[in-house]
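Contents: one structure, followed by commentary.
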Amino acid sequence: MSSILLDTLKDGLDPGLAGMLEKDPELKKDTQQYLEELLVNSELLSTEMFTSSTESKGKNLVEEIAELDHQLRQIELQLATIANENRDLIVGVSEDVKLVHNTIGEELNKNIAAMKQGFESKIAVDNKAVKKVSQAISANNSILHNMDSILDIYELPTLCGLCIMQGNYQEALEILTLVKMLTVKFPNLKTFKQLQSQVDNELKLMVRGLIKLLNTNLKQSNILKIFQILNRPHLVTSEEDENDQTISGNKTLKLIYLNSRFKFIMNEVASLQPLLKLKKLTYLKRYIEIYREHLYNSLSIYHAIFLSTGLKSDTNDDKLLLHMYIKKLVYLMVEELRTHLPKVQEGENTADEVELNSLRDGVILQVIYLCRSLSKYGLDFESLITWELCVKEPSLIAQEDWARNLSKLKKFKS
């Protein structure tokens, strides 16, 4: 019964309320229960009006409906009064709403398009930044991954200096070759240029050390090894040699060799100075013996390094350098002979004249042997020496003494 009444009353309700009744089973159940109570209450359904002295027990349905209808009218009148009083405000708000609606309708799409473009440009910029960051990260990762190899490269100058200190000169030159290769392969990296500069400084120290080493008493094999190192391109150069680096026996190396051998011979004869206080003839004989030994040895090594290798060499230049080298030494020897040979008797008080002449002949023979040893390499200094000692005034050795000792040499050979 209550459900039939509810369906009947629902047609007169607001569509929203009717929809709520259909959707909400709990609300529908409560409404049916309320109608059920109304139907059971006989007093509410009664249409009779009772008047009595006693207080009324309640209102019937008609009275409640009438009262509710009256309240609704009162509310409508109040709303009409409020609307009339605020009509200007309502009109203004309505116009504002229309303006906002039109503005949104016209400019919303434009603003949305502008925002999209802004987002796209920002995304593009962000993508570029992300690419740069990712490239930097990948580069840093590559550096960290290859850190050991990078540190090894940075230690090349130190390793080069260590090789030089230990005498491993070939390994030091290999390090120079490696650094030059890296510089050529990566010409825009300043790191490799700095490494090459540091290695070059180490090699300059090596060259100075090797040149100083040449001033000492070295074996021929050691001297040859040193000049094999110094003969490397761009290691020892001069302005004259820059035009032709293919010539093995370049002038700079020749001058280095002859100068070092000259200093070595001078150091050797200087060590004989204590003999002057004892026996001058012994000093002179040892002086000339040192000349014979080391001059011949130096000429032999010179030919082995610069003339017997099958490489290009300037013959006239070689002759000039060797001539100047030996001439300087010969003049120093003649000076020593002129200084000390006339004073032989002062240091040989216990020797008789025959013994003194024999000792003088020994000195003369040593000079002749020296001349003959030089002539084996095409250097004839006998005429220069005989002129300085036998002909030039005051003569130091009689020509007869020179001829007599020369005949002795011929007898020895025969």
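Quantify, in whole percent, the carbon and sulfur part of the accessible surface of region 248-412 (1.4 Å probe; protein heavy atoms only).
Numbers: 4400 of 8380 Å².
Carbon and sulfur: 53 percent of the exposed surface of region 248-412.
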Query raised in the report: So how much slack lies between MET20 and TYR296, counting 0.36 nm per residue of separation and subtracting their Cα-Cα distance, in nm?
Result: 86.3 nm
Requested in this report: Send over a whole-number figure in Å² for the accessible area per residue of region 139-215, probe 1.4 Å.
Outcome: 67
Query raised in the report: Which net charge results when you count Lys and Arg as +1 and Asp and Glu as -1 among the other residues whose beta-carbon is under 12 Å from that of LYS285?
Result: +2
Query raised in the report: Which distance in Å, rounded to a whole number, links the C-alpha centroids of region 365-414 and region 270-335?
Result: 16
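State which entries of LYS219/LYS410; LYS185/LYS251; LYS376/LYS408 exceed 29 angstrom in Cα-Cα distance in the structure shown.
As for pairs spanning more than 29 Å Cα to Cα, those are LYS219/LYS410; LYS185/LYS251.
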Report summary line: Per residue, the convex hull enclosing the alpha carbons of region 139-215 has a volume in Å³ of 82
Query raised in the report: Taking LYS343 as the anchor, which lysines have their alpha carbon closer than 17 Å to its alpha carbon, excluding any fewer than eight residues away along the same chain?
Result: LYS277, LYS279, LYS280, LYS285
Query - 21 Å tail of the calculated P(r), region 248-412, as % of Cα pairs - result: 50
Query raised in the report: Protein chains only, probe 1.4 Å: how do ARG404, ARG372, ARG87 rank by accessible area, largest first?
Result: ARG87, ARG404, ARG372
Report task. Could you pull out every one of the lysines with an alpha carbon less than 16 Å from that of LYS29, ignoring same-chain neighbours closer than 8 positions? Result -> LYS10
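The values are calculated or read from the model by the stated rules, or taken from the named source; none is laboratory data. Predicted, not measured: the structure shown is a model, and the values here were computed from it. Please note: Cβ atoms are built from the backbone with ideal geometry, for glycine as well, and neighbour counts cover all protein chains shown. These area figures cover heavy atoms from the full protein model, side chains too; ligands, DNA and RNA do not enter into them. Shrake-Rupley method; radii C 1.70, N 1.55, O 1.52, S 1.80 Å.
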